[in-house]
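Report on the following structure.
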Number of protein chains: 2
Amino acid sequence: MATIKDIADKLGISVGTVSKGLNGASDISDTLRQTVLDTAVEMGYTTKKMKKEEHKKLCIFMENMDYESSNQFGYEIILGFRQAAYRDKWDVIVSPVNPAFQIEEKYDTFMLKNGYSGAFLVGFTLQDNWMAQLNTTTIPTVLFDNYIKKNPNVAYVGTDSFEGIDSAIEHLAALGHKRIAFLNGSPNSMVSDQRLQAYIDSLASHTLEYNEKLTAYSYYVVENAKYHVPVFLEEGATAILCSNDYLASGVIAECKLRGLRVPEDISVIGFDDLPVSTEIDPPLTTIRQDRIELGKCAYFAMNCLINHVSISRTMLRAQYIERSSTAPPKINKNML
Amino acid sequence: MATIKDIADKLGISVGTVSKGLNGASDISDTLRQTVLDTAVEMGYTTKKMKKEEHKKLCIFMENMDYESSNQFGYEIILGFRQAAYRDKWDVIVSPVNPAFQIEEKYDTFMLKNGYSGAFLVGFTLQDNWMAQLNTTTIPTVLFDNYIKKNPNVAYVGTDSFEGIDSAIEHLAALGHKRIAFLNGSPNSMVSDQRLQAYIDSLASHTLEYNEKLTAYSYYVVENAKYHVPVFLEEGATAILCSNDYLASGVIAECKLRGLRVPEDISVIGFDDLPVSTEIDPPLTTIRQDRIELGKCAYFAMNCLINHVSISRTMLRAQYIERSSTAPPKINKNML
């Protein structure tokens with residue numbers, strides 16, 4: 001591992017100046033400090049500070065995901081992570097980030113500067129600037145729903161979409177549904193790809209025909225239900241599987257606007273099992289992602305990485321939760 | 001959760017007799033004791049003994065895998081698991097099992113009777129009797145290289161075969177190899193299936209043609225190299241990727257018998273990075289499975305399950321280890 005002297009030699013400055021840069025002393029310029037930090041990161045230098053018991057700090061970076069109140073997806077992910085991490089006496093800081101900040105500040109530099117031993121990244125997309133940097137990061141990093149190939153310092157945590165989607169299709173197929181639509185999230189997302197594949201595989205294993213017109217990307221925008229529901233109905237859908245519970249509530253609202261009853265005329269299934277599932281009418285059948293457990297698993301993965309156990313992926317089981325939004329299909333007819 | 005009274009009521013015997021059955025008292029018959037235990041398991045009863053700090057016991061069941069000495073695959077898996085479990089004050093018992101024993105004794109019953117809080121199963125195949133029972137077990141159970149669908153009490157631990165195989169193919173393709181043979185392990189094994197798929201996918205991503213005759217199952221029997229190597233050579237193979245290091249050593253021996261030099265005439269890559277890799281001539285390029293880390297990960301997964309975090313799978317990164325058994329291919333000719 002690189003020493004302070006190595007960094008000093010490389011930059012042609014004194015050991016004392018490097019030390020000031022690393023410790024955030026105020027009598028060197030920001031530019032020099034940044035250079036010292038960037039070089040330290042580049043050379044794989046780790047401050048003792050990051051290893052000291054009394055400075056044990058982890059960061060959770062949140063992007064594109066609400067987490068402030070308990071009815072939002074991110075809330076319990078953070079809670080679960082904290083609950084598990086606190087047992088091992090870690091301090092956990094939650095830090096919202098946006099694309100602009102990621103361009104301004106390098107990931108490894110930010111981590112080193114702030115004395116974080118590792119980070120949990122939630123809600124990032126493959127287009128985010130930091131994601132590309134994760135191919136080579138040396139910082140223990142856990143990603144929710146994203147995967148980085150071949151870097152032993154990065155782990156992936158998520159829910160098994162295949163089992164989740166399959167449970168829903170199995171249930172609908174058993175009720176007699178043959179035309180099951182799938183309203184997915186955003187395209188170019190790892191999880192959307194997985195779920196679409198799971199949907200296609202599960203249809204096949206239940207000898208149901210795949211019809212591309214029965215699938216669409218909603219971008220998780222609830223209002224988009226009004227564009228997709230009519231197409232699904234036109235194609236004869238008797239059930240609509242949605243990629244989250246809010247989308248499902250939008251689909252139910254749209255069906256009602258069209259004079260259709262849920263579940264008598266059309267069945268709807270959500271994803272996540274957020275608190276909203278029990279509040280809408282009818283109470284929503286859904287596929288549960290246990291956010292508390294996901295948070296805990298993320299910490300377990302983090303703990304592995306910090307202990308040099310190069311975990312690649314950690315997945316949780318999805319749980320099928322039956323409520324009142326599904327029923328056998330009505331005799332097939334054009335329902336528009 | 002069921003109580004001792006529930007078990008007594010169901011069997012029509014006294015609470016005292018149930019208690020004797022659960023505690024292994026000597027003054028009731030083995031048959032009655034077995035019935036009490038079977039019923040307790042069936043009703044989801046868990047003894048307090050299993051939860052007491054001073055009786056914290058986990059079991060590692062070993063089948064079809066050598067583990068007694070440090071040059072064998074199972075040795076470090078056990079060591080890693082123990083190292084991690086001991087930190088949390090678990091006692092870990094290693095128990096070899098065979099198919100006959102699995103037919104004689106139910107898995108859940110054996111666990112309850114022996115006061116184990118969970119088990120790590122290594123070397124089992126999908127044909128083993130206990131594997132079918134794992135679909136419904138309520139005991140925290142971690143499987144090495146095997147997967148049970150939809151049971152939240154069972155987790156899978158393994159190495160990412162896809163990244164491992166891909167690293168090897170990438171390296172060989174970069175050297176200029178176009179006909180890369182793959183000597184797999186046993187058929188009807190989850191890992192063999194994964195590795196074959198990884199091989200096919202990786203060939204495709206390097207725009208190399210897949211030829212079924214360049215693949216074979218060795219059943220991990222080193223002597224079988226003599227049957228497969230001639231076929232591979234006949235098909236023009238310039239490199240042979242093997243599913244473990246002992247197989248690779250068998251392949252190298254067979255090539256030498258035929259007057260071929262490794263790596264000048266043919267390249268050979270192993271899998272696992274067992275101690276033997278550095279002892280053979282030439283030292284073997286291989287794909288490392290870190291057994292100590294696998295054992296530790298298995299314990300992390302176990303710890304999750306015991307804490308009711310329903311981990312589905314935990315995978316480690318494979319690491320490509322370059323030694324001296326690969327080189328650019330010779331100009332193609334029939335090498336027999």
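Is there a residue in region A:198-206 that is at pLDDT 95 or above, of a type in the set (Phe, Trp, Tyr), farther than 19 Å from residue A:262 by Cβ and within 27 Å of the chain's Cα centre (by Cα)? Checked against the condition, which is being at pLDDT 95 or above, of a type in the set (Phe, Trp, Tyr), farther than 19 Å from residue A:262 by Cβ and within 27 Å of the chain's Cα centre (by Cα), region A:198-206 yields at least one hit. The residues in region A:302-318 that are in contact (Cβ under 8 Å) with a residue 40 or more places away in the chain, more than 7 Å from every other protein chain (Cβ to nearest Cβ) and surrounded by fewer than 24 Cβ atoms within 10 Å (Cβ to Cβ) can be counted, and the count is 3.
Results for (1) of a type in the set (S, T, N, Q); (2) in contact with a strand residue (DSSP E or B) (Cβ under 6 Å, 6 or more places away or on another chain); (3) at pLDDT 95 or above, shown as yes or no for each residue.
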| position | (1), (2), (3) |
| --- | --- |
| B:234 | no, no, yes |
| B:241 | no, yes, yes |
| B:248 | no, yes, yes |
| B:254 | no, no, yes |
| B:259 | no, no, yes |
| B:268 | no, yes, yes |
| B:291 | no, no, no |
| B:295 | no, no, no |
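Working only within region B:291-301, note down all residues that are within 11 Å of chain A (Cβ to nearest Cβ) and touching a helix residue (DSSP H, G or I) at 6+ places or on another chain (Cβ under 8 Å). Break it down into steps so the answer makes sense when it comes.
To start, the set of residues in region B:291-301 that are within 11 Å of chain A (Cβ to nearest Cβ) comprises B:292-301.
Listed by number, the residues that qualify are B:292, B:293, B:294, B:295, B:296, B:297, B:298, B:299, B:300.
Residues of region B:197-215 being surrounded by 20 or more Cβ atoms within 10 Å (Cβ to Cβ) and among the aliphatic types (A, V, I, L, M), which ones? Residues satisfying the conditions are B:198, B:203, B:214. Among the criteria (1) closer than 18 Å to residue A:178 by Cα; (2) surrounded by 17 or more Cβ atoms within 10 Å (Cβ to Cβ), the one residue A:255 does not fulfil is (1). Tell me whether region A:227-247 contains one or more residues that are part of a loop (DSSP other than H, G, I, E, B), without any contact (Cβ under 8 Å) to a residue 40 or more places away in the chain, assigned by TED's automatic domain parsing to the domain that holds residue A:199 and surrounded by fewer than 19 Cβ atoms within 10 Å (Cβ to Cβ). Scanning region A:227-247, I find no residue that is part of a loop (DSSP other than H, G, I, E, B), without any contact (Cβ under 8 Å) to a residue 40 or more places away in the chain, assigned by TED's automatic domain parsing to the domain that holds residue A:199 and surrounded by fewer than 19 Cβ atoms within 10 Å (Cβ to Cβ), so the answer is no. Out of curiosity, is residue B:178 within 30 Å of residue B:57 (Cβ to Cβ), among the basic types (Lys, Arg), out of contact with any Pro (no Cβ under 6 Å at 6 or more places or on another chain) and part of a loop (DSSP other than H, G, I, E, B)? Against the criterion (within 30 Å of residue B:57 (Cβ to Cβ), among the basic types (Lys, Arg), out of contact with any Pro (no Cβ under 6 Å at 6 or more places or on another chain) and part of a loop (DSSP other than H, G, I, E, B)), residue B:178 does not qualify. Selection of region B:116-171 for residues being within 17 Å of residue B:290 (Cα to Cα), in contact (Cβ under 8 Å) with a residue 60 or more places away in the chain and charged (D, E, K, R) yields B:160, B:163.
Reported count of residues in region A:248-274, each being touching a Lys or Arg at 6+ places or on another chain (Cβ under 9 Å), closer than 17 Å to residue A:328 by Cβ and in contact (Cβ under 8 Å) with a residue 40 or more places away in the chain, is 4.
Table: residues versus (1) more than 30 Å from residue A:1 (Cα to Cα); (2) among the hydrophobic types (A, V, I, L, M, F, W, C).
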residue: A:112; (1), (2): no, yes
residue: A:118; (1), (2): no, no
residue: A:140; (1), (2): no, no
residue: A:147; (1), (2): no, no
residue: A:155; (1), (2): no, yes
residue: A:168; (1), (2): yes, yes
residue: A:173; (1), (2): yes, yes
residue: A:197; (1), (2): yes, no
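Against the condition more than 9 Å from chain A (Cβ to nearest Cβ), more than 21 Å from residue A:302 (Cβ to Cβ) and outside any loop (DSSP other than H, G, I, E, B), how does residue B:277 come out, does it pass? Yes: the conditions hold for residue B:277.
Listed by position, the helices (runs of 4 or more DSSP H) contained in region B:98-153 that have at least 1 residues being of a type in the set (Ser, Thr, Tyr), at pLDDT below 95 and under 21 Å from the mean Cα position of the chain (by Cα) form an empty set. When you look at residue B:101, is it crowded, with 20+ Cβ neighbours inside 10 Å, touching a helix residue (DSSP H, G or I) at 6+ places or on another chain (Cβ under 9 Å), more than 29 Å from residue A:165 (Cα to Cα) and without any contact (Cβ under 8 Å) to a residue 24 or more places away in the chain, yes or no? In short, no. Residues being surrounded by 24 or more Cβ atoms within 10 Å (Cβ to Cβ), more than 12 Å from chain A (Cβ to nearest Cβ) and not β-branched (Val, Ile, Thr) are represented in region B:281-289 by at least one member.
The values are calculated or read from the model by the stated rules, or taken from the named source; none is laboratory data. What you see is a predicted model; the values in this text were computed from it and never measured. Note: ideal-geometry Cβ built from the backbone for every residue, glycine included; neighbour counts use all protein chains shown.
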